[in-house]
Amino acid sequence: MKRFLVSLLLTAGLCALVVVALAMAAIQNPDPKLNPPIPTVTYECYWEAARPQFYSVIVQSTGNTTYLARNPSLPTEQAAATPDAARAAAFDPDYRIAFTMSQPNREKVIRLAEQANFFNGDFDYTKHNLANTGRKTLTYADISRHFQTVYNYSENKAIQELTLLFQNVAGTMEYGRKLAFRYKYDKLGLDAELKAMEEEAANHNLVEVQAIASVLQQIADDPTVLNIA
């Protein structure tokens with residue numbers, strides 16, 4: 001009996017050591033998808049009624065940034081009937097652009113994430129019903145942390161600032177897409193898009209314009225484009 005008990009204790013001890021070893025290995029070798037070596041903030045927004053329906057902005061602390069937009073539930077026949085202003089998004093459901101975010105904004109993103117406890121918590125406003133403006137998700141990940149929060153609207157000031165910044169980034173990238181579409185298919189429509197951009201710039205809603213500088217330069221250098229545009 002004693003030998004049996006000793007054997008059980010030894011087995012239990014070995015199992016405990018294996019569990020500890022596996023835990024230590026997980027810490028030393030984290031999943032790069034969940035725990036990237038570079039601090040990363042991701043903003044996602046899904047709103048079926050909007051165009052694009054989904055977009056995300058992924059920002060690393062180094063400034064490497066990716067914008068992705070798509071229309072996951074927009075049928076082809078509905079896309080064909082989409083109003084002209086949104087046609088670029090409708091016919092190009094997956095739109096991706098990579099750029100380097102300016103230092104002030106990327107530092108702001110990390111600072112605001114820290115102020116929001118790296119999104120470790122529930123930041124959604126639930127005191128009473130609000131109009132739906134899209135399902136928003138903020139994620140923070142680094143070598144030792146991975147937190148995510150989902151909300152429609154938040155009273156948290158840091159969350160509000162991040163939401164506005166990412167919405168402005170998305171808006172700027174979409175202007176780049178629409179300008180490229182107009183330049184290729186409807187040069188007469190460039191003037192209206194550029195005037196709309198001027199208004200957004202005056203309201204300080206255009207950010208990271210360097211990401212779409214190539215299409216702006218292409219338009220500026222083309223003598224076939226109307227002088228007013």
Residue within the range 37-48 that is open to solvent by less than 80 Å² (accessible area, probe 1.4 Å), at pLDDT 95 or above and part of a loop (DSSP other than H, G, I, E, B) present: yes
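To keep it simple, each residue is scored yes or no on (1) assigned to a loop (DSSP other than H, G, I, E, B); (2) under 21 Å from residue 68 (Cβ atoms); (3) touching a residue at least 40 places away in the same chain (Cβ under 8 Å).
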| position | (1), (2), (3) |
| --- | --- |
| 124 | yes, no, no |
| 131 | yes, no, no |
| 155 | yes, no, no |
| 169 | no, yes, yes |
| 180 | no, yes, yes |
| 188 | no, no, no |
Qualifying positions in the range 133-153 - open to solvent by 20 Å² or more (accessible area, probe 1.4 Å), under 18 Å from residue 46 (Cβ atoms) and assigned to a loop (DSSP other than H, G, I, E, B): 133, 152, 153
Near pairs, Cβ below 8 angstrom, 6+ apart or cross-chain, from the range 201-215 (open to solvent by less than 70 Å² (accessible area, probe 1.4 Å)) to any residue that is among the charged types (D, E, K, R): 206/200
Checklist (1) closer than 19 Å to residue 57 by Cβ; (2) open to solvent by less than 20 Å² (accessible area, probe 1.4 Å) applied to residue 161, failing item: (2)
Count - residues of the range 84-126 that are modelled with pLDDT of 95 or more and not aromatic (Phe, Trp, Tyr): 25
Residues (out of contact with any Lys or Arg (no Cβ under 7 Å at 6 or more places or on another chain) and of a type in the set (A, V, I, L, M, F, W, C)) located in the range 138-164: 138, 141, 143, 147, 158, 159, 162, 164
Sole residue being surrounded by 14 or more Cβ atoms within 10 Å (Cβ to Cβ) and under 20 Å from the mean Cα position of the chain (by Cα), chosen from 166, 181: 166
Filter result for the condition that a residue is over 19 Å from residue 40 (Cβ atoms) and out of contact with any Phe, Trp or Tyr (no Cβ under 6 Å at 6 or more places or on another chain), over 117, 156, 129: 129
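The values are calculated or read from the model by the stated rules, or taken from the named source; none is laboratory data. The model shown is predicted, which means the values in this text are computed figures rather than measured ones. Please note: Cβ atoms are built from the backbone with ideal geometry, for glycine as well, and neighbour counts cover all protein chains shown. These accessible areas exclude ligands, DNA and RNA; they are computed on the full protein's heavy atoms, side chains included. Shrake-Rupley method; radii C 1.70, N 1.55, O 1.52, S 1.80 Å.
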